[in-house]
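Everything on this sheet refers to the single structure shown next.
The values are calculated or read from the model by the stated rules, or taken from the named source; none is laboratory data. Just so we're clear, the structure is a prediction, and the values are computed from it rather than from any experiment. Cβ placement follows ideal geometry from the backbone for every residue including glycine, while neighbour counts extend to all protein chains displayed.
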């Protein structure tokens with residue numbers, strides 16, 4: 001199960017660890033995103049292929065290429081986001097890989113993949129992204145009796161995501177003045193190299209699913225909740241405050257037979273993606289999702305704002321990523337639709353699709 005979490009970040013966390021937990025370390029970060037992903041899925045479907053199934057296979061092939069390039073350089077994919085991924089290279093002994101050279105290697109390998117896919121399936125495959133260097137804060141939250149989760153917070157990462165948004169297809173942007181003098185962090189703040197606690201970060205339903213199937217991959221209808229949490233005057237929320245609201249949201253979702261699929265912090269703020277009907281169908285999934293969403297929306301206060309988007313659609317659920325580092329995730333337009341609906345909601349509101 002260690003391949004399901006970034007062991008370089010979460011090593012050393014045990015059942016007895018104090019939660020919430022926070023660690024800081026220096027790293028080079030690389031964010032990659034597939035260019036024109038929606039167009040790729042449309043082209044694949046129009047050619048008679050079962051779009052999501054085909055695209056998932058293509059993505060896993062791409063992530064395998066990326067993983068083989070970064071691992072020898074001390075890198076690890078720490079977050080998947082459908083067709084995107086965040087890679088970190090923690091500083092060891094003050095050393096980091098040659099990032100411009102690494103990016104050139106990645107782009108050359110993607111060009112080879114592009115030629116192959118264009119010939120076999122008739123659609124192009126290109127990526128864009130950005131890299132940066134700086135301090136990163138790892139935050140671990142959740143109820144350890146249920147499951148833990150983690151997100152990364154850093155002004156450097158926010159700059160990274162903004163740069164990536166400006167990159168064109170086939171382009172990986174870097175900082176104008178990359179950090180040269182890198183301070184060595186304290187020994188106990190260095191990310192650990194091993195973790196025996198992968199199951200602490202996996203929801204119970206996910207553990208059950210992976211025991212039944214080593215590499216699940218299926219298409220099914222499910223309900224997706226896209227939840228955004230923000231502070232009153234700033235997107236930054238103190239860790240203890242986020243832990244408090246996250247535990248309430250986590251408990252509400254699980255009590256209604258839903259599952260937290262992912263939490264994250266990016267340029268959109270603090271995000272939680274939850275599913276009902278994945279990985280197991282319990283009946284009345286949509287009704288329970290809306291009920292849970294309504295109760296979560298009531299957690300909004302004068303200091304914490306919660307916005308929610310909910311939709312129901314066909315999704316791929318299963319293993320996404322490389323063989324030695326992957327996640328159980330979801331891919332489908334429902335995630336984007338739920339995110340768009342959330343953007344229309346005011347604090348304390350839910351926006352639903354028909």
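Looking only at segment 209-244, how many residues end up being under 30 Å from residue 316 (Cβ atoms) and in contact (Cβ under 8 Å) with a residue 24 or more places away in the chain?
The number of residues fulfilling the criteria is 19.
The condition (being farther than 30 Å from residue 243 by Cα, assigned by TED's automatic domain parsing to the domain that holds residue 24 and over 23 Å from the mean Cα position of the chain (by Cα)) is satisfied by just one residue among 123, 63: 123.
Within 14 Å of residue 300 (Cα to Cα) and surrounded by fewer than 18 Cβ atoms within 10 Å (Cβ to Cβ): does that describe residue 235? Spelling it out, it is not the case that residue 235 is within 14 Å of residue 300 (Cα to Cα) and surrounded by fewer than 18 Cβ atoms within 10 Å (Cβ to Cβ).
Applying the criterion of being part of a loop (DSSP other than H, G, I, E, B) and at pLDDT 50 or above to the residues of segment 193-216, the residue that is farthest from residue 27 (Cα to Cα) is 213.
Return the residues of segment 80-113 that are more than 25 Å from residue 176 (Cβ to Cβ) and either in a strand (DSSP E or B) or modelled with pLDDT of 95 or more (or both); say none if nothing qualifies. Break it down stepwise before answering.
Step one: list which residues in segment 80-113 are more than 25 Å from residue 176 (Cβ to Cβ), which gives 80-83, 92-93, 109, 111-113.
Hits for segment 80-113 are 80, 92, 109, 111, 112, 113.
Among the residues making up segment 114-148, those that are surrounded by fewer than 19 Cβ atoms within 10 Å (Cβ to Cβ) and in a loop (DSSP other than H, G, I, E, B) are 122, 124, 144, 145, 146.
Scanning segment 246-288 for residues that are in a helix (DSSP H, G or I) and in contact with a helix residue (DSSP H, G or I) (Cβ under 9 Å, 6 or more places away or on another chain), we see that the one that is surrounded by the fewest Cβ atoms within 10 Å (Cβ to Cβ) is 255. Of everything in segment 15-41 that is under 13 Å from residue 125 (Cα atoms) and modelled with pLDDT under 90, the residue that is surrounded by the most Cβ atoms within 10 Å (Cβ to Cβ) is 40.
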